[in-house]
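Notes to accompany the following structure.
Bear in mind that the values in this text are calculations on the coordinates, not laboratory data. The structure presented is a predicted model; accordingly, all values stated were derived computationally and were not measured. For neighbour counting, all protein chains shown are included, and Cβ atoms are generated from backbone atoms with ideal geometry for every residue, glycine included.
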Amino acid sequence: MKNPQRFALALLLLLSTFPAWAQDTGRCPANGRPLPTAEERQFLAPSKLLRCFLTVAEISLVRSSIDHDAQTTVSDPAFESGKLNPDGSPRPPLTDEQIDSLTKMHSILDEDMRAGAIIRKFIPNSDVGGFLYGRTVIGSPDSPIVVSTNTVRGFVGLERNTQGLDAAETVGALGLDFEPGATGQFTDDSPIPFRRQVSREVQKNGLHSIRHRMSAQGAIDAQIPLAKDLNDSVESSTPSLEDRSFEMNRQGQDNPYTGLGMSDNIGLLTLTTRDAADATYPLHLNQENVMTVPTPLAPGDQLWRRGLGSGKETLIAKYVRVTLPDGTVLSRWRLSRDLSLEDEDYYKRLIRLAAERVAAAGG
Amino acid sequence: MPLTRRDTPNGPVWVRPPFRPEDYSAPATALRLFERWRGDIESSEGILAMRDGPFGNYVEVGREIRDGKTWIVLLEASREFAVEVEAVSMGFGEVLTLPPHQAYELARARDPFRSHPVILGGSE
């Protein structure tokens, strides 16, 4: 046991907040409301779900942990700059109370990453054509490689994390993405130092995400990325999170990765002209996951696009199983029949461009 | 073996405990994770460079060509075990663990570059 006192404290906290009492009464231990069912939890925004189990003070502690250093015990020089804020100032270490609240939050939210859970994978618009075509080109221009795009990989999150948010709010809520350049797929630079603004790309063509239903193996492989201090604490104090997290430290002072297992506030300026010039979208509590092994797309998965101004989404395509004339069964994307003519032209053009890139690379 | 930080009158130091083979041995789970990426669409280098992949805590500390194959030597930055992976165009090729004493030497080679001095075995 690395830290028996911390373990005892965490155990005490867990026992005090997850008592049999809660299940017996069917009431939330923190606010007394009816306990949500497993199905209801899939559609509850994390902030609402957490109010069932965490006190207001604990939620405040979680929020206050942003911009703290969760890797003070990392000694390798490769991660030294990750301990700094974008302006170069050092980040304060997490307090024990923040670590305990974060641990509690993750143990609650992680219960819902299970077989059948719906996740979203937000993808840059530059990748949409390759996904719909089924293949794309990676590697350098000198040695291009044609690859299939039939997996979900990297950062993912439950659908509830961004449910009802419009494209701009989603980019802000998820801290999309590490784009320090003048223009990006999700964010562009802004006149205000250390602030980004919603990219012209998203404003023009919307924000796309793959809606995927998790397999049992996929849910196991979707783990919580935590920087060392927090990961060590979780591993030593929280049996329910055994094998549910892995160590992932922050590299680079500009990288919005928090190391806290949740998204960072990237200081994304709002699009609303009524707001102050430096007003930013609020941070939404959530849990990030990383596919430690890519998980294959499954028939029934969907590609959605959300725009600005409302959380309304447009279904772009479905991943369907088809049988070819020779009897071969395979899965591929099929554009929605409900697309407008303009949208259909747009996505067919993206597919054609992807096909041309693949052909040029010898695929 | 994770180093521990100690505050001294002269400032913080990292403490490296005396060598024990078990502290520098690669766990089987680490090897299995590499193996599960075999045949992936990305090259070995591409996977290791992923910002949102599971191998971000591995630091490349060596590279050599043997028998026409390229091998990348990786040190896990916190637990300080070492593996050698065969670089291929899709996923990873063979994955080998390096002996603990070799992992220890690789870790020690990074000590001069750490943010604080490293002292051995708890001595000052």
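Projecting the Cα positions of A:Phe194, A:Leu158, B:Ile65 onto the charge dipole of the protein assembly as shown (unit charges on Cβ atoms of Lys, Arg, Asp and Glu, taken about the Cα centre) puts A:Leu158 furthest along the positive direction. Note on B:Glu86 and B:Asp111: with the Förster distance fixed at 35 Å, the Cβ-Cβ geometry gives a FRET efficiency of about 0.80.
Going from the fewest other Cβ atoms within 10 Å to the most, the residues B:Met50, A:Met105, B:Met90 appear in the order B:Met50, B:Met90, A:Met105. Neighbour counts of C-beta atoms inside 10 Å place B:Lys69, A:Lys318 in the sequence B:Lys69, A:Lys318, starting with the fewest. Label-to-label distance, A:Ser143 versus B:Ile119, with points set 7 angstrom from Cα along the beta-carbon direction: 4.7 nm. Each Lys and Arg Cβ is given +1 and each Asp and Glu Cβ -1; about its Cα centre, region A:270-363 then shows a dipole of about 280 debye.
What does the C-alpha gyration tensor say about the overall shape of region A:114-360? Classify as rounded when a/c is under 1.5, otherwise prolate if a/b is larger than b/c, or oblate. Oblate shape, in that a/c is at least 1.5 and b/c is the bigger or equal ratio. Rounded to the nearest 5, the antiparallel percentage of DSSP beta bridges internal to the protein assembly as shown is 90%. Under a model in which nothing but the beta-carbon of Lys, Arg (+1) and Asp, Glu (-1) is charged, the protein assembly as shown shows a dipole of about 1040 debye around its Cα centre. If you count the DSSP beta bridges with both ends in region A:114-360, what percent of them are antiparallel, to the nearest 5? Taking every DSSP beta bridge within region A:114-360, about 90 percent pair in antiparallel fashion. Look at the stretch A:75-87: the mean tally of other chain Cβ atoms within 10 Å of its residues' Cβ atoms is 4.
Across region B:50-59, computed HN-Hα scalar couplings (Karplus, 6.51 cos²θ - 1.76 cosθ + 1.60, θ = phi - 60°) run 4, 6, 10, x, x, 10, x, 8, 9, 10 Hz from first to last residue, x flagging Gly and Pro. Structural descriptor for chain B: relative contact order 32 percent, calculated from alpha carbon pairs under 8 angstrom and at least 6 residues apart. Between helix A:96-109 and chain A there is an angle of about 50 degrees, using the helix long axis and the longest principal axis of the Cα atoms. In this rough spin-label picture, where each label sits 7 Å from Cα along the Cβ direction, the A:Leu330-B:Thr29 distance is 3.8 nm. Relative contact order of chain A, taken over Cα pairs closer than 8 Å and 6 or more residues apart, is 22 percent. Of A:Pro282, A:Leu297, A:Gln251, whose Cα points farthest to the positive end of the dipole of the protein assembly as shown (charges on the beta-carbon: +1 Lys, Arg; -1 Asp, Glu; origin at the Cα centre)? Going by the Cα projections, it comes out as A:Leu297.
Here A:Asp87 and A:Val322 are evaluated by their C-beta separation; at R0 = 56 Å the FRET efficiency comes out at 0.60.
Using a Gaussian network model of chain A with C-alpha springs under 10 Å, which one of A:Glu97, A:Glu40, A:Glu111 is most mobile by mean-square fluctuation? Among A:Glu97, A:Glu40, A:Glu111, the largest mean-square fluctuation in the Gaussian network model of chain A belongs to A:Glu40. With the simple spin-label model, which puts each label point 7 Å out from Cα in the Cβ direction, the B:Lys69 to A:Ala277 separation comes to 6.0 nm.
May I ask you to list the residues of region A:98-125 whose amide nitrogen lies under 17 Å from a point 7 Å from Cα along the Cα→beta-carbon direction of A:Tyr346? Only A:123-125 pass the distance filter.
Projecting the Cα positions of A:Gly130, A:Pro144, A:Leu241 onto the charge dipole of region A:114-360 (unit charges on Cβ atoms of Lys, Arg, Asp and Glu, taken about the Cα centre) puts A:Gly130 furthest along the positive direction.
For a paramagnetic label modelled at 7 Å from the Cα of B:Glu94 toward its Cβ, which residues of region B:59-83 fall within the zone defined by backbone nitrogen distances under 20 Å? Flagged as within label range: B:61-75, B:82-83. Figure legend: label point modelled 7 angstrom from the Cα of A:Lys204 along Cα→Cβ; residues of region A:315-351 with amide N under 18 Å from it are A:342-351.
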